[in-house]
Amino acid sequence: AGMTVVGIRFRDNIIFVPEVLISARAMKAGMAILEPILTACGIPPAGKVVMGTVKGDIHDIGKNLVGMMLKGAGFQVFDLGVNTNLAKFQAAIDQHQPDLVGMSALLTTTMGQMKVNIEAFDKAGLFRQMRVMVGGAPVSPDYAKAAGAHGYGKDAASAVELAMRLLKELKQDQSQPLINAD
Ligand code: B1M
């Protein structure tokens, strides 16, 4: 709940990156104490997210903020780090079976990698089991749509709202029976 307040204040330009990083550090310290207790209680996470900065790109401040906020909202986050190629995303999807995959890009020269990855996920038939969200300074809602993403996050707070919405839509879709095209 505290990180939700931080996210909203950051979105509204009341606080800035240093304050968010300090809050994230405090949350991490708190989570280190709470995590073993929560695990022992068997409380399931809100959802699972695999995320990374795309191939060729080493910017990670924004991605880390988004990851922190998602953790604060109860998601289990598998962070693949920076310069993440398609094979690494695919291996993590195989291993963790996430509900959501999040991709971040800060360069106009690397954002195209999002489309390449999304097309590969689609080709592999992964959209029955997961949704894709994208973000980063050069990414726009129009680009996200053209790349085939299910959603675009402008900042860390909207990324959490988006993740909640995509998770809800995914669960609704999964509860519908598959229609046989034959
Ligand atoms: Co670089 N860099 N940089 N850089 N850098 C930019 C992005 C740039 C705009 C600076 C400029 O020229 N004005 C420019 C890109 C130009 C372009 O593509 N059009 C640029 C460049 C050119 C480069 C290099 C190529 C420079 C060089 O070597 N010649 C090089 C690239 C290296 C590479 O990646 N291969 C490079 C390197 C670096 C540093 C390593 C020095 C450092 C990164 C350190 C790090 O990340 N650990 C760095 C930095 C810090 C920046 C700027 C100054 C700041 C980026 C940042 O962290 N912003 C940036 C200029 C700028 O943006 N003013 C710049 C703060 C962060 C909180 O915001 O990342 O946008 P942001 O994340 C936001 C949202 O976008 C959103 O939520 C976040 C939180 O609100 N969001 C998501 C992000 N990911 C999301 C994912 C989601 C949802 C929302 O769902 C999954």
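The values are calculated or read from the model by the stated rules, or taken from the named source; none is laboratory data. These numbers come from a predicted model, not from an experiment. Don't worry about glycine lacking a Cβ; one is built from the backbone with ideal geometry, like all the others, and counts go over all protein chains shown.
Points worth noting:
- Filtered residues of the stretch 126-147 (kept if under 16 Å from the mean Cα position of the chain (by Cα) and near the ligand (Cβ under 9 Å from one of its atoms)): Val132, Met133, Val134, Gly135, Gly136, Ala137, Val139
- Here Ala73 clears all of (1) in contact (Cβ under 8 Å) with a residue 60 or more places away in the chain; (2) near the ligand (Cβ under 10 Å from one of its atoms); (3) aliphatic (A, V, I, L, M) except the condition numbered (2).
- For Ala91, the requirement of being out of contact with any Pro (no Cβ under 8 Å at 6 or more places or on another chain) and in a loop (DSSP other than H, G, I, E, B) is not met.
- When Gly125, Gly136 are checked against the criterion of being out of contact with any His (no Cβ under 6 Å at 6 or more places or on another chain) and buried (at least 16 other Cβ atoms within 10 Å of the Cβ), Gly136 stands alone in meeting it.
- Options Met103, Met111: the member that is within 11 Å of the ligand (Cβ to nearest atom), within 11 Å of the chain's Cα centre (by Cα) and surrounded by 15 or more Cβ atoms within 10 Å (Cβ to Cβ): Met103
- Checking each residue in the stretch 163-176 for being within 15 Å of Pro98 (Cα to Cα) and outside any helix (DSSP H, G or I) picks out no residue at all.
- Selection within the stretch 19-46 - within 16 Å of the ligand (Cβ to nearest atom) and small (Gly, Ala, Ser): Ser23, Ala24, Ala46
- Hits in the stretch 58-69 - residues which are within 9 Å of the ligand (Cβ to nearest atom) and either closer than 27 Å to Gly42 by Cα or in contact with a Cys (Cβ under 7 Å, 6 or more places away or on another chain) (or both): Asn64, Leu65, Val66, Gly67, Met69
- Selection status of Gly81, under 24 Å from Ser140 (Cβ atoms), among the small types (Gly, Ala, Ser) and within 13 Å of the ligand (Cβ to nearest atom): no
- Any chance Lys88 is more than 9 Å from the ligand (Cβ to nearest atom), more than 20 Å from Thr4 (Cβ to Cβ) and among the basic types (Lys, Arg): yes
- For the stretch 45-81, filtering for residues that are farther than 23 Å from Arg11 by Cβ and in contact with a His (Cβ under 7 Å, 6 or more places away or on another chain) leaves 3.
- For Val160, the conditions (1) over 17 Å from Gln97 (Cα atoms); (2) within 13 Å of the ligand (Cβ to nearest atom); (3) modelled with pLDDT of 95 or more all hold with the exception of (3).
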